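What follows is a set of notes on a single structure, which appears directly below.
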Amino acid sequence: MRKFILKRLLQVVVILFLILTILFVLFRLAPGDPVSRLVDPNLTPEEADHLIEQMGLKEPIWTQYLMYLKNFASGEFGYSFHYGEPVAKVIWERLPNTVMLFTTAVILAALVGISWGKIAAWKKGRFQDILLTIASLVTHTLFLPWLALLLVWVFAYHMEWFPITGMISDEIWLDPSSGFFGKLVDVAHHMVLPLATLFLIHFGSYLLVMRSSMLETLKEDYILLARAKGLSERAIRNQHAAPNAWLPVVTSVGLSLAFSINGGALTETVFSWPGIGREMVFAVSNNDYPLAQASFLLIAAVVLMANLVVDVLYAYLDPRIRY
Amino acid sequence: MAAGVGEKIRRALLGAAAALLCLGLAAGAARALSDDIIRVGVLEEPKSLNLWLANDTWSQRVVDLIYEPLYVHGPKGQELVPWLAAGPPQFDAAQLAYTVKLRPAKWSDGSDLTAQDVVFTGKLIQDFQMPLHSSKWKFIKKVEALDKHTVRYWLQKPKAIFLSRTLLTPIVQKKQWEPIAKSAQGAQKPLQVLLRHKMDKPVGTGPFMLASWKRGVFVYLLRNPHFFGRNQTIAGYPLGPYIKGMILKVFGTADAAVLALRKGEIDYYWNSIQPGYIQQIKDDPEVKLFVNKKSAVYFLGFNLRKAPFNDVNFRRAVATLVSKEFIIQRILQGEAEVMHSLVPPGNEFYYNPQVPRYGDGLDWNQRVQTAYQILKKAGYTWQVPPVNASGEVVKGQGIRLPGGQPLAEFTILTPPADYDPHRAMSGQMIQEWLRAVGIPALSRPMSFGAMVQRIKDQRDFDCFVLGYAKLSLDPGYLRAFFHSAMDRPRGYNMSGYRNPDFDRLADESENAMDPAVRRQLIHKMQAMIMQDLPYVPLYNPLVVEGVRKNRFSGWVPSLGGIGNEWSFCVIKLVK
Amino acid sequence: MSKLLKASPRLARRHPWQERLAEDWRVFRSSLLGKIGMALLLLFGLMAAGSYIPPLLDPMYHPMTGVDPLVLKSTPPSARHWLGTDFMGRDIFSQLLAGARVAFMVGVSAAFMAVVLGTAVGMTAGYMGRLTETILMRLADMIMVMPTLLIILLLAALFGKLNIWTIVLMIALFRWPGVSRVIRAQTLSLKQRPFIDAARVAGASHFRIIFRHIMPNVLPLAFLYMTFRVTAAIVIEAGLAFLGFGDPGTVSWGMMLQWVWKTGHMFTAPYWLLPPGICISLITLSFYMLGRAMDEVLDPRLREEGQRE
């Protein structure tokens, strides 16, 4: 087991290094530099040249590459062209917001998906099953930004229940009398709609996976045994069938992570949620290479690690798999 | 795995989520700030408050309220108003030197503004070859403090931009910047170190100072208690500021900001409102709209280095076919004015209305007929001419150059829709218009950085649609756009326009210290450009802004909108 | 994994593949999901085909460049414009029809390319084994877990060629690994079959074995994967267009949504906001249902990754 984890970790490191290098090459090949965006007749060609030189973009390519690796190794990621601040700082300011929104959404979606999937499987072919299956198929295939816009239109514009965008209200944060709790409530209030968007898009897939996995499990011998022992239906469902049906759901969480990250970037953009996905879209359209590179690498690292964790968890949860 | 525990965790989590949701719902009503703090909606936050890095619109808006120059443009536009300076600059023709006396003014930390600060700012720009600033300081031989409140500039040669741009450089405090500059000078890449310096507490002389900044959410500015202009009347405006402060709320999307304005969550939206919302806002009795002109130009450019764009007749025919009215009425929904010259009409002093116009006021059939005549006369031929024997307009096909070779397909580069949907869409329409007469144009959007590099650095392109959203009031840009000396990599003469007559006029205008003389020259330059047509000017967007009627009044409209220093210095709470 | 409705008994694998396809089709038709999906697709197909008609009626119905001379702003539905007009006075209904054409074009061509690539890589990896397999499969793993939309966004912005075909190509380049994984598994099991050995003994080249003997057997599976790829491709293109990185010369549904959003009509023009979103969601749903129905036809155990991405 240990050996397996180490081997996989090594692979992850190699892949990350590869991605790092590919990113470097891509960004150097790409036309346009941070200065070319600054179209202002007051910027003379000499000044532009000087600026490029000062940004270190005129060094030999190997020096730049080494510098780049050094920056990443030290966890600094260089300086953002746009903000003129260390990339690490910009990212650390945005990352918690993304993590907060994201984990809440995935956990909620997984919990609801699993428990409803259980019910759907249990009531296979009956009204609840059909309703839940159709609901999850439909919500799962909704076009995410459109769903987000729709939610804003209905619940923020017409009903006025929630703020339209953003993460916090300045009035509350500037008011010294609002304590930690007040701020928490404020963030929660802003989070409802983005959360609802991500939740609606995701719970369906968990539900469907749980449902089919549960159906497979229900055919197993030990369920028949449990039935024979005269255990209650509820006990069979929750204590015997469900725990084993979890496995595929765990895998699917890992596999769908990339999809969720795409959705996360779209959600953050529509709701102006100050997270890493929105920042990356922004950095990309601003030619802010260091920031775009670092956020992409971070996303790649998270995805790779999550897949590793899923594999390990899978091995740990399923007694039949031994590495 | 124990299912019981899982179940409990699940319940607890679901419960917590539900509780948060309910609380969230309850938190709807936001508490208000003190009444005399204006709440302003902005689309993006400033990228930095380091004055030298702050070159984007949103950062500039904030730093302009903190840092100030010696002279400013009055709200009406061209005239220069002494700001930190006590009066107009005194010219010493013999020595080619200017002397400026400063007003008694204080920095926001309470210390005095002195001539040393002004000298330091100039040296900083020169020493670091500060981007966007150094060109207006290059010709300054020497700048010296004669006494605590007198500065003297020695010029190498007469330059018009000394008055209209050099004297408008924002002044920074020596006390704050000297240590930063010192430590930067020792570094390998001094400018980079300087630009990367994080300015947490910018000290300025402006009417406002930074109180706090929560990244991505708001920038909170308070009135600078040491602001020199308080209770003074400058350019006819009794200055305050009468408001205690301002909070710039970052919205990220225009929808949210416009809605916040209508709901009264903000008092002013510091950005042009999208056409889709304007009708709604017009009907809203609580909101007042201000429409102002802007100093900007959007245009279609040609690569004069290659055929057929090196033929002025071809360029004129294209200009005739392009319906500026269509672009303005439909793509910009009427929120723009037609441009016939490259100097915006809002720049009244320098704008020349007497320039050649192309296709002005013609309908589609007339456009095609006119363009057809121009091209036919120049020797272009068609397989199927766009105007048939009986004079009717038909779809043209197979155009050939005067030499007889067929005209190959060429591209019109535009920025992508995420950067500017208007330009991308204009490119599409121009493509269609040209194709209708058989000119094989293809509009292609390209990411902005890549596009600019193709045009400015590599010069490998056919046509493009670009624009300058913020042109300075000084028309020095005409020289930058069309002087043959600027036809080099990273130079702004993207078309590759080379005309010795124009160069001569441009150089003359650059050195003309007398505004009236300069104006004459600038007028001539505009006419010449519109004759030769390296660029076809298209439109200049209008700035449509909205404010809450019941909150503040006394807004000062000016070129670029009501969001200017004058406004924020004079608006008062509505009683 | 998933047998949404009635599962069917699998047929023996030795049939010639044409016959098997016919049999699969019979099973497929008995699935309710498949039927709904098919019906929806047919509807979208009709829309795509119908998109050629409006511009012929009147140039003002051209989805990209046709504007109603009498309309200067977005107007609600009327007899002249069934779904109203957009901000320039263009007909939303014609745009919606054209969007269906673009969705099919993007979806099917990207999916086709992805499946061809994935099948080729999967078969090669499964058949060759050893180092080739390790390298190809590690590469697949790496690409598979990456967020495609963000990568394409990055590449599109970097290289600046926002042509619809470049977008299609990029989607294909990043969506093959899922296919190749499954095809590889299938190839591995086929490799053990006697008929492959027989072919090898008879002196058939690797190339011939792969294309004559293995490919026909993995094709149905590849076809199943195509439906899921179509979904992915349509969603990615729409997402790109929505963010403003699409091809402005193409009227896609994502582009329509971007126009609503960016021109400030989101709250004022539901007749413009709703149709494109409904269409993207429904076309995704129909391909997804089709995929699930086909999934029931084929052996579900071969499926490791059937989630939408």
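The values are calculated or read from the model by the stated rules, or taken from the named source; none is laboratory data. Here the structure is a predicted model, which means the values were calculated and not measured. All Cβ positions, glycine included, derive from the backbone under ideal geometry; neighbour counts span all protein chains shown. Keep in mind that these areas ignore ligands, DNA and RNA; they rest on the heavy atoms of the full protein, side chains included. Shrake-Rupley method; radii C 1.70, N 1.55, O 1.52, S 1.80 Å.
Some notes on this structure:
- Elements of type strands (runs of 3 or more DSSP E) contained in region B:37-100, each with 2 or more residues being without any contact (Cβ under 8 Å) to a residue 12 or more places away in the chain and over 19 Å from the mean Cα position of the chain (by Cα): B:90-92
Quick grid of which residues meet (1) surrounded by fewer than 14 Cβ atoms within 10 Å (Cβ to Cβ); (2) of a type outside the set (Gly, Ala, Ser); (3) at pLDDT 90 or above:
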residue	(1), (2), (3)
B:Gln354	yes, yes, yes
B:Arg367	no, yes, yes
B:Ala371	no, no, yes
B:Lys377	yes, yes, yes
B:Tyr380	no, yes, yes
B:Val387	no, yes, yes
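- Within region A:231-246, the residues that satisfy the criterion of being assigned to a helix (DSSP H, G or I) and either open to solvent by less than 70 Å² (accessible area, probe 1.4 Å) or at the interface with another protein chain (Cβ under 7 Å from one of its Cβ atoms) (or both) are A:Ala235, A:Ile236, A:Arg237, A:Asn238, A:Gln239, A:His240, A:Ala241, A:Ala242, A:Pro243, A:Ala245.
- Among the residues of region B:374-406, those identified as assigned to a helix (DSSP H, G or I) and of a type in the set (A, V, I, L, M, F, W, C) are B:Ile374, B:Leu375.
- Entry remark, region B:410-424: residues being within 7 Å of chain C (Cβ to nearest Cβ) and open to solvent by 10 Å² or more (accessible area, probe 1.4 Å) number 2 in total.
- The set of residues in region A:94-111 that are touching a residue at least 40 places away in the same chain (Cβ under 8 Å) and surrounded by fewer than 19 Cβ atoms within 10 Å (Cβ to Cβ) comprises A:Leu95, A:Met100.
- Restricting attention to region C:54-66 and to residues that are under 31 Å from the mean Cα position of the chain (by Cα) and assigned to a loop (DSSP other than H, G, I, E, B), the residue that is farthest from the other protein chains (Cβ to nearest Cβ) turns out to be C:Pro63.
- Given (1) within 18 Å of the chain's Cα centre (by Cα); (2) buried (at least 17 other Cβ atoms within 10 Å of the Cβ); (3) at pLDDT 85 or above, number of the condition C:Leu33 does not satisfy: (3)
- Among the residues making up region A:77-93, those that are open to solvent by 10 Å² or more (accessible area, probe 1.4 Å), closer than 27 Å to A:Leu195 by Cα and within 12 Å of chain B (Cβ to nearest Cβ) are A:Lys89, A:Trp92, A:Glu93.
- If you go through region A:130-150 and pick out every residue that is more than 8 Å from chain C (Cβ to nearest Cβ) and crowded, with 20+ Cβ neighbours inside 10 Å, you end up with 3.
- Number of residues in region A:29-50 that are farther than 14 Å from B:Asp457 by Cβ, within 7 Å of chain B (Cβ to nearest Cβ) and part of a helix (DSSP H, G or I): the value is 2.
- Residue match in region B:237-255 (condition: outside any loop (DSSP other than H, G, I, E, B) and surrounded by fewer than 17 Cβ atoms within 10 Å (Cβ to Cβ)): yes
- Residue check, C:Ser109 open to solvent by 10 Å² or more (accessible area, probe 1.4 Å), modelled with pLDDT under 90, within 25 Å of the chain's Cα centre (by Cα) and of a type in the set (Ser, Thr, Tyr): no
- A:Phe296, sole failed condition from (1) open to solvent by 10 Å² or more (accessible area, probe 1.4 Å); (2) within 26 Å of A:Leu111 (Cβ to Cβ); (3) assigned to a helix (DSSP H, G or I): (2)
- Residue selection: C:Gly178 fails the criterion of being within 14 Å of chain B (Cβ to nearest Cβ) and surrounded by 24 or more Cβ atoms within 10 Å (Cβ to Cβ).
- Those helices (runs of 4 or more DSSP H) of region B:469-575 in which at least 3 residues are assigned by TED's automatic domain parsing to the domain that holds B:Tyr242, considering only elements entirely within it, cover B:565-570.
- The listed residue being touching a residue at least 40 places away in the same chain (Cβ under 8 Å) and over 17 Å from the mean Cα position of the chain (by Cα), out of A:Arg227, A:Arg234, A:Arg211: A:Arg211
- Test for B:Ile430: is it assigned to a helix (DSSP H, G or I), more than 10 Å from every other protein chain (Cβ to nearest Cβ) and among the β-branched types (Val, Ile, Thr): yes
For (1) farther than 24 Å from B:Trp58 by Cβ; (2) touching a helix residue (DSSP H, G or I) at 6+ places or on another chain (Cβ under 8 Å); (3) in a loop (DSSP other than H, G, I, E, B); (4) of a type in the set (A, V, I, L, M), each residue gets a yes or a no:
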{"residue": "B:Pro202", "(1), (2), (3), (4)": "no, yes, yes, no"}
{"residue": "B:Leu210", "(1), (2), (3), (4)": "no, yes, no, yes"}
{"residue": "B:Tyr220", "(1), (2), (3), (4)": "no, yes, no, no"}
{"residue": "B:Pro225", "(1), (2), (3), (4)": "yes, no, yes, no"}
{"residue": "B:Asn231", "(1), (2), (3), (4)": "yes, no, yes, no"}
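- Residue check for B:Val544: among the β-branched types (Val, Ile, Thr), touching a residue at least 60 places away in the same chain (Cβ under 8 Å), closer than 30 Å to B:Pro406 by Cα and within 12 Å of another protein chain (Cβ to nearest Cβ): no
- Filtered by the rule that a residue be touching a Lys or Arg at 6+ places or on another chain (Cβ under 7 Å), in a loop (DSSP other than H, G, I, E, B) and open to solvent by less than 30 Å² (accessible area, probe 1.4 Å), region B:447-468 gives a lone residue, B:Phe461.
For every residue, the table says whether it meets (1) more than 26 Å from B:His523 (Cα to Cα); (2) in the same structural domain as B:Val40 (by TED's automatic domain parsing); (3) within 30 Å of the chain's Cα centre (by Cα).
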site: B:Asp284; (1), (2), (3): yes, yes, yes
site: B:Lys288; (1), (2), (3): yes, yes, yes
site: B:Asp311; (1), (2), (3): no, no, no
site: B:Arg315; (1), (2), (3): no, no, yes
site: B:Gly334; (1), (2), (3): yes, no, yes
site: B:Val355; (1), (2), (3): no, no, yes
site: B:Gly361; (1), (2), (3): no, no, yes
site: B:Lys377; (1), (2), (3): yes, no, no
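- Taken over region B:260-294, the criterion of being open to solvent by 10 Å² or more (accessible area, probe 1.4 Å), within 12 Å of another protein chain (Cβ to nearest Cβ) and under 14 Å from B:Gly560 (Cα atoms) is satisfied by B:Asn271, B:Ser272.
- When residues of region B:213-232 are limited to those that are within 14 Å of another protein chain (Cβ to nearest Cβ) and open to solvent by less than 40 Å² (accessible area, probe 1.4 Å), the one farthest from A:Thr98 (Cα to Cα): B:Leu221
- Count - residues of region C:67-87 that are of a type outside the set (Gly, Ala, Ser), within 14 Å of chain B (Cβ to nearest Cβ) and either open to solvent by 50 Å² or more (accessible area, probe 1.4 Å) or touching a His at 6+ places or on another chain (Cβ under 9 Å) (or both): 10
- Members of region A:151-192 that are away from chain C (no Cβ under 14 Å) and open to solvent by 30 Å² or more (accessible area, probe 1.4 Å): A:Trp161, A:Pro163, A:Trp173, A:Leu174, A:Asp175, A:Pro176, A:Ser177, A:Gly179, A:Phe180, A:Phe181, A:Lys183, A:Leu184
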